[in-house]
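The values are calculated or read from the model by the stated rules, or taken from the named source; none is laboratory data. In this text, all values refer to a predicted model and were calculated from it rather than measured experimentally. Virtual Cβ from ideal backbone geometry, glycine too; neighbours counted across all protein chains shown.
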Amino acid sequence: MIVLGAILSLASCTGEKTPVYLDDSKSIEERVEDALQRMTFDEKIAIIHAQSKFSSPGVPRLGIPEVWCSDGPHGIRMELLWDAWRAADWTNDYCTAFPALTCLAASWDREMSAIYGKALGEEARYRNKNVLLGPGLNIYRTPLNGRNFEYLGEDPYLAGKMSVPYIQEVQKVGVAACVKHYALNNQEYRRNDVDVKLSDRALYEIYLPAFKEAVQVGKAWSIMGSYNLYDGQHCCHNKRLLVDILRGEWGFDGAVVSDWGGVHSTEEALNNGLDLEYGTWTNGLTLSEMGLDAYDAYHMAVPLKNYIASGKGDAKLVDEKARNVLRLIFRTTMNRNRPYGSFATDEHAAVSRRIAENGIVLLKNENRVLPIKPESVNNILVVGENADYMMTVGGGSSELKVKKEVSPIEGLRALYGEEKIAYMKGYTQNEDEKLESIEALKCAAAEADAVIFVGGLNKKHFQDCESRDRKEFGLPYGQDAVIEALCEANPRTAVVIISGNAVATPWLDKAPAIVEGWYLGSEAGNALARVLSGEVNPSGKLPFTYYTKLEDCGAHNFGDICYPGLLVNGEYPHFKRLKTDTVRRINLEYKEDIFVGYRWVEKYNIKPAFAFGHGLSYTTFEYTPVSLSRSSMKEGGKIVASLRVKNTGDVAGSEVVQLYIGDDESSVVRPVKELKGFEKVHLEVGESAKVKFEISADDLKFFDEAKHDWVAEKGTFTVYIGASSADIRSTAKFELR
Ligand code: BGC
């Protein structure tokens, strides 16, 4: 800012006109071009690679500021050291934690996505970050993926739609969203080595649409390449993904940022569409093998300069990268009109709580075990380590240092009163810790008016954590036995699972009430207590299929080649010391193809524990049969599907009405049906509302590999209106002529 002021005042004393790149009245493109032509080659090289763990240089001579990134995607990460992956121990970086993105997806509420993005953007802005590393848009392919909690579920339509308001609101504050991890980063196990092979249909129909929506509708200003390979090439410099599809087919004009340490080749980075290199392995202080300062040894630093000087590379491509990075800077820090931010405020905590309350999913509720009204109980037994555990810590790069995190036990005590809540840990992750016997738990449970079990996963390695997949689908630490014992001892037992993934539920029939409680952020305990007590009526719906067993998931049906992948020599990769790059490669084939999640279970008539889109309420909703505005349409035409939903219970509530479409007859194999619309409506007792969905030919298309285009075939289509993918309330048919 001081430099900029000096440049401007110098310009005015010398009578020189304000340079175009500093002139707000000019378009960003004009300003970027002007800045670019003033820059030396070295300055261009400087702005396309990092200078610290989370920043890259600007152009100090011209007063163009640095880029500062922050994780992402659930809050603004604590400051880390310049050169090391360690906390910098600042005291002014205690942030608000927002619910994990699975919870946001489970709200099925675009407004929640918007308030999330706005508040998060304001926190980033206050902390002087101009790139927010999120949202994560990878598709939930297997419940073993350790990072599913950072993503928006298994359905490309839902993930895409739910990403847009978040991105737009973050960017309104003048902070770039950086959607990640593009693409096919659907597991953490050996994430740097897996080489994904899949059909073009699966790529275009399942794994790319959310990114496309984020780029074309959300207008994300940056995107992060993923660690894995696709078709033999690392995704941070993958020609097909970055040059052909992202820029060529989608017209992306933002900056492509590498994942931290995801760049492996100067030549490919130059030619295949990467703009900004971060995190390549270095401590930043010592000299590299080449005798260079470590950041100079980055692929897009001195090695790139040398490569261009040798005549092998095209210098125009360096201009292109610098242009994209400048555009990122001009859209953010160089925008003098962008609003100010705010940080860790009560307002942001309230936003966080609202989203949490909207995303919690009531999976099962027999005999109206829930809500547990405060006036109906004198003593509640709370059991489970997760009731008294900080969930914003751990999980990898999304970990947060929070101003506050209300744990479930704190939330329950605050709502019901300390005297009504007794707590027993019940199980522990610590092998050396000795607890009560199961018998003692049962005795205490039998004497309580109600029991609330709070368990699940905990963001430790292998328990929903970056760089490690889960090793098992089941709950860890012997929780199943504890749940069974509690349910046996007290019929008024509610089981709350804290996780970002489905887990095995062998006690499904025995547990009368089950709640999916996600990782809920700063207000976790308050939101949970309000839902359990009935102050808030739950309205979340599952953004993924809750399988009964792992084999019910498509990805776990074709042996190791399909998950977790096999070494190129066909061996299982576990515990191998990998020496050369060729051996390092792990082949991973998405043999389940387009049949991910509900698309798979519906094809094979598998009954999951809970279906995609499922979620109960404390009230009931009645749907009128769907009616269509016309019985046929032509390409280019539209049909409106409408119905009324009525709250027929005795408490106000919100319902997510879902629209799916199936192609009755097709020349290619297609899913039974696919999500093509959803609306969340709030209804008072006895109130009804009309819900309308517009259907166009785009909603009927599949990706035709031979034509490399989207195709809608003439014929009959079925519209399904449901309260979940498995709870279809009515159907109607129409023709595409
Ligand atoms: C993660 C990214 C993250 C980056 C910076 C990487 O390991 O994959 O999601 O944004 O680190 O922390």
Among (1) touching a residue at least 12 places away in the same chain (Cβ under 8 Å); (2) surrounded by fewer than 24 Cβ atoms within 10 Å (Cβ to Cβ); (3) not acidic (Asp, Glu) - the single one residue 92 does not satisfy: (1)
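Could you please find all residues in region 131-143 being within 15 Å of the ligand (Cβ to nearest atom) and over 20 Å from residue 347 (Cβ atoms)? Give the derivation first.
So in region 131-143, the residues within 15 Å of the ligand (Cβ to nearest atom) come out as 131-138.
Within region 131-143, 131, 133, 134, 135, 136, 137, 138 qualify.
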Return the residues of region 154-176 that are small (Gly, Ala, Ser) and either more than 16 Å from the ligand (Cβ to nearest atom) or closer than 24 Å to residue 611 by Cβ (or both); say none if nothing qualifies. 159, 160, 163, 174
Long-range neighbours under 6 Å by Cβ, at least six apart or interchain, first residue more than 22 Å from residue 74 (Cβ to Cβ) within region 326-349, second assigned to a loop (DSSP other than H, G, I, E, B) and aromatic (Phe, Trp, Tyr): 328/221; 331/221
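Give 257, 164, 170 a once-over and let me know the one that is surrounded by 24 or more Cβ atoms within 10 Å (Cβ to Cβ) and in contact with a helix residue (DSSP H, G or I) (Cβ under 7 Å, 6 or more places away or on another chain).
Details: 257 fails: in contact with a helix residue (DSSP H, G or I) (Cβ under 7 Å, 6 or more places away or on another chain); 164 fails: surrounded by 24 or more Cβ atoms within 10 Å (Cβ to Cβ).
Residue meeting the stated conditions: 170.
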If a residue has to be under 28 Å from residue 360 (Cα atoms), outside any loop (DSSP other than H, G, I, E, B) and small (Gly, Ala, Ser) to count, how many in region 612-664 make the cut? 3
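Take residue 106 and tell me if it is of a type outside the set (Val, Ile, Thr), at pLDDT below 95 and under 23 Å from residue 460 (Cβ atoms). Walk me through how you get there before you give the answer.
On the way: of a type outside the set (Val, Ile, Thr): yes; at pLDDT below 95: no; under 23 Å from residue 460 (Cβ atoms): yes.
Criteria not met by residue 106.
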Can you tell me which residue among 146, 117 is buried (at least 23 other Cβ atoms within 10 Å of the Cβ) and either more than 16 Å from the ligand (Cβ to nearest atom) or at pLDDT below 95 (or both)? 117
Considering only region 617-632, state which residues are without any contact (Cβ under 8 Å) to a residue 60 or more places away in the chain and within 17 Å of residue 716 (Cα to Cα). 629
If you scan region 85-110, which residues turn out to be more than 30 Å from residue 677 (Cβ to Cβ) and part of a loop (DSSP other than H, G, I, E, B)? 85, 86, 88, 89, 90, 91, 92, 93, 94, 96, 97
Please enumerate the residues belonging to region 198-220 that are over 17 Å from the mean Cα position of the chain (by Cα) and surrounded by 19 or more Cβ atoms within 10 Å (Cβ to Cβ). 198, 202, 203, 204, 205
Identify, by number, the condition in (1) within 24 Å of residue 453 (Cα to Cα); (2) aromatic (Phe, Trp, Tyr); (3) free of Cβ contacts under 8 Å to residues at least 12 places away in the same chain that residue 604 doesn't meet. (1)
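Yes/no matrix, rows are residues, columns are (1) at pLDDT below 95; (2) over 30 Å from residue 165 (Cα atoms); (3) within 16 Å of the ligand (Cβ to nearest atom); (4) in contact with a strand residue (DSSP E or B) (Cβ under 8 Å, 6 or more places away or on another chain):
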| residue | (1), (2), (3), (4) |
| --- | --- |
| 256 | no, no, yes, yes |
| 276 | no, no, yes, yes |
| 279 | yes, no, yes, no |
| 288 | yes, yes, no, no |
| 292 | yes, yes, no, no |
| 319 | no, yes, no, no |
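State whether the residues of region 673-682 include one that is over 21 Å from residue 109 (Cβ atoms), surrounded by 15 or more Cβ atoms within 10 Å (Cβ to Cβ) and in contact with a strand residue (DSSP E or B) (Cβ under 8 Å, 6 or more places away or on another chain). Give the derivation first.
Going through region 673-682, the residues over 21 Å from residue 109 (Cβ atoms) turn out to be 673.
From the residues that got through so far, the ones that are surrounded by 15 or more Cβ atoms within 10 Å (Cβ to Cβ) too are 673.
So of that shortlist, the ones also in contact with a strand residue (DSSP E or B) (Cβ under 8 Å, 6 or more places away or on another chain) come out as 673.
Yes, there is a match, as at least one residue in region 673-682 is over 21 Å from residue 109 (Cβ atoms), surrounded by 15 or more Cβ atoms within 10 Å (Cβ to Cβ) and in contact with a strand residue (DSSP E or B) (Cβ under 8 Å, 6 or more places away or on another chain).
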Taking residue 151, is it under 29 Å from residue 202 (Cα atoms) and either within 16 Å of the ligand (Cβ to nearest atom) or in contact (Cβ under 8 Å) with a residue 40 or more places away in the chain (or both)? yes
Can you confirm whether residue 555 is in contact with a Phe, Trp or Tyr (Cβ under 7 Å, 6 or more places away or on another chain) and part of a helix (DSSP H, G or I)? yes
Selection within region 160-214 - among the aromatic types (Phe, Trp, Tyr) and farther than 24 Å from residue 260 by Cβ: 204
Of the listed residues (475, 528), the one being under 15 Å from residue 363 (Cβ atoms), under 27 Å from the mean Cα position of the chain (by Cα) and in a helix (DSSP H, G or I) is 528
So, of the residues in region 177-195 that are buried (at least 24 other Cβ atoms within 10 Å of the Cβ) and in a strand (DSSP E or B), which turns out to be farthest from the ligand (Cβ to nearest atom)? 194
Does residue 52 meet the test of being under 23 Å from residue 121 (Cβ atoms) and either of a type in the set (Gly, Ala, Ser) or assigned to a loop (DSSP other than H, G, I, E, B) (or both)? yes
Please state which of the following conditions residue 232 fails to meet, knowing it meets all the rest: (1) away from the ligand (no atom under 16 Å from the Cβ); (2) farther than 19 Å from residue 194 by Cα. (2)
Output for region 321-350, where each listed residue is under 26 Å from the mean Cα position of the chain (by Cα), small (Gly, Ala, Ser) and outside any loop (DSSP other than H, G, I, E, B): 349, 350
Given (1) touching a helix residue (DSSP H, G or I) at 6+ places or on another chain (Cβ under 9 Å); (2) farther than 18 Å from residue 345 by Cβ, number of the condition residue 88 does not satisfy: (1)
Those residues of region 426-451 which are surrounded by fewer than 17 Cβ atoms within 10 Å (Cβ to Cβ) and in contact with a strand residue (DSSP E or B) (Cβ under 9 Å, 6 or more places away or on another chain), in sequence order: 435, 436, 440, 447, 449
Give me a count of the residues in region 258-273 that are within 16 Å of the ligand (Cβ to nearest atom) and either in contact with a Phe, Trp or Tyr (Cβ under 6 Å, 6 or more places away or on another chain) or among the aromatic types (Phe, Trp, Tyr) (or both). 5
For residue 611, only one of the following conditions fails: (1) in the same structural domain as residue 715 (by TED's automatic domain parsing); (2) out of contact with any His (no Cβ under 6 Å at 6 or more places or on another chain). What is its number? (1)
